[in-house]
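These notes concern the structure reproduced below.
The values are calculated or read from the model by the stated rules, or taken from the named source; none is laboratory data. Keep in mind that what you see is a predicted model, and the values were worked out from it rather than measured. Counting neighbours? That spans all protein chains shown, and the Cβs are built from the backbone with ideal geometry, glycine included. For the accessible areas, the whole protein counts, side chains as well, though only heavy atoms, and no ligand, DNA or RNA atoms are used. Shrake-Rupley method; radii C 1.70, N 1.55, O 1.52, S 1.80 Å.
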Amino acid sequence: MTELVGLADVRAARELLAGVTRTTPLEPSRPLSAVLGGPAWLKCENVQRAGSYKVRGAYVRISRLSAQERERGVVAASAGNHAQGVALAAGLVGTHATVFMPVNAPLPKVAATKGYGAAVELVGNTVDESLVAAQTFAERTGAVFIHPFDHADVIAGQGTVALEILEQCPDVQTIVTGVGGGGLVSGIAVVAKALRPDVRVIGVQAASAAAFPPSLKAGAPVRLPSFSTIADGIAVGCPGELTFTHVRKLVDEVVTVSEEDISRALLMLLERGKQVVEPAGAVGVAALLAGAVEVQAPVVAVLSGGNIDPLLMLRVIEHGLAAAGRYLRVTVRCTDRPGQLASLLSQIAEHRANVVDVEHQRVNPHLRLGEVEVALSVETRGMEHSDTLISALRASGYQVVFAGEA
């Protein structure tokens with residue numbers, strides 16, 4: 001029978017982390033409070049050292065290695081946050097780290113991991129494939145493998161997040177956090193259920209990379225045949241044995257959110273909360289905004305990381321604007337006569353929408369003779385404004401087709 005991590009383990013981990021990690025702030029969120037009808041808070045692990053909570057578990061694990069183990073060095077596999085946590089922790093402890101990362105790992109995360117002193121190897125298309133390479137490296141070289149989630153020391157380290165939450169928000173009723181392999185939610189649940197059994201602990205996964213729901217249904221870890229999500233930090237194909245046991249016994253519910261939900265959450269956090277958060281760090285907020293779970297306030301959503309690629313941020317912002325109805329991409333077909341384009345743009349301006357770009361096309365086999373197609377990207381103030389604009393254009397005789405429609 002798998003032994004669960006206990007509250008004493010987490011408290012011991014906190015003592016190890018004193019002076020190493022920071023107590024991250026708990027910030028109020030007015031947008032979330034308005035949606036939930038009660039107090040909502042953000043636990044800002046996106047401003048933790050190395051940009052995520054991962055350094056907590058990594059340091060606890062590595063600091064407990066013997067002198068002989070430290071001499072052999074450590075090895076890990078990660079899409080980025082665990083990589084940076086291991087690299088930083090290894091440097092603080094005085095050992096050498098080798099980190100295997102997927103070939104498509106975000107470049108800023110790769111650069112940051114190298115910046116903390118680790119040797120980086122890009123292997124495989126997923127974290128699962130990088131894990132295999134890291135374990136093979138450990139067997140060949142004698143380096144100590146630092147698992148990203150499935151180890152008691154790692155779970156204990158991540159659980160220190162919950163100790164801080166309960167101190168910062170003593171009346172919390174619900175804690176919501178993202179779930180990849182399950183280390184963070186396991187640690188949080190250990191603390192919450194020991195100190196406040198009434199607190200509900202909710203895990204959130206990206207719907208296109210959700211291994212826990214089928215695993216919980218089957219009663220054992222189930223490996224996904226394939227998975228893909230913008231939330232690379234929680235893109236894990238199979239729960240660990242230890243984390244699965246913790247989640248099954250201690251976590252109240254695991255829900256999923258769509259890529260659109262994540263995009264909206266990132267946009268809200270950036271625009272309203274002034275928080276730079278990576279997709280994996282925003283899934284808890286995404287679940288609350290989307291109504292994916294019923295919660296009792298006060299609620300704390302953990303922003304687990306802030307290591308986002310700026311290029312991905314640009315794409316996510318545009319996607320989030322579109323998902324929120326504030327970035328409209330349409331194609332308008334109209335007669336090809338002088339002044340028609342100016343008339344179309346003038347009507348859009350009259351409705352106080354902002355044209356971002358225009359593509360005017362006359363040569364298309366789908367167009368009739370004397371017809372022109374105008375592809376538009378337009379900024380609006382939201383769904384209602386977009387609907388009003390589209391209705392007005394159609395009332396004026398324009399044929400409006402949304403991007404992606406035939």
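Data for the structure
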read-out	value
Thr174 among the hydroxyl-bearing types (Ser, Thr, Tyr) and more than 17 Å from the chain's Cα centre (by Cα)	yes
Considering residues of region 271-303 that are more than 14 Å from Ala231 (Cα to Cα), in a helix (DSSP H, G or I) and touching a Leu at 6+ places or on another chain (Cβ under 8 Å) only, the residue least open to solvent (accessible area, probe 1.4 Å)	Leu288
Subset of region 7-24 that is in a loop (DSSP other than H, G, I, E, B) and in contact with a helix residue (DSSP H, G or I) (Cβ under 7 Å, 6 or more places away or on another chain) - its residue that is surrounded by the most Cβ atoms within 10 Å (Cβ to Cβ)	Thr21
Residue in region 206-219 that is at positive phi, part of a loop (DSSP other than H, G, I, E, B) and over 20 Å from the mean Cα position of the chain (by Cα) present	yes
Subset of region 122-148 that is modelled with pLDDT of 95 or more and touching a Ser or Thr at 6+ places or on another chain (Cβ under 7 Å) - its residue that is least open to solvent (accessible area, probe 1.4 Å)	Ala143
Segments classed as strands (runs of 3 or more DSSP E), wholly inside region 93-178, with at least 1 members that are in contact (Cβ under 8 Å) with a residue 40 or more places away in the chain, within 16 Å of Val236 (Cα to Cα) and of a type outside the set (D, E, K, R)	174-178
Spans of helices (runs of 4 or more DSSP H) in region 28-89 with at least 3 residues in contact with a Leu (Cβ under 8 Å, 6 or more places away or on another chain)	30-36, 54-63
Members of region 77-96 that are open to solvent by less than 10 Å² (accessible area, probe 1.4 Å), within 25 Å of Thr23 (Cβ to Cβ) and in contact with a Ser or Thr (Cβ under 8 Å, 6 or more places away or on another chain)	Ser78, Gly80, Ala83, Gln84, Gly85, Val86, Ala87, Ala89
Residue tally, condition modelled with pLDDT of 80 or more and among the acidic types (Asp, Glu), over region 337-372	2
Enumeration of residues in region 383-406 that are within 29 Å of the chain's Cα centre (by Cα) and modelled with pLDDT under 80	Phe402, Ala403, Gly404
Test set (1) surrounded by fewer than 17 Cβ atoms within 10 Å (Cβ to Cβ); (2) in a strand (DSSP E or B); (3) modelled with pLDDT under 75 - Cys334 fails condition number	(1)
Leu314 being part of a helix (DSSP H, G or I) and either under 30 Å from Arg272 (Cα atoms) or open to solvent by less than 80 Å² (accessible area, probe 1.4 Å) (or both)	yes
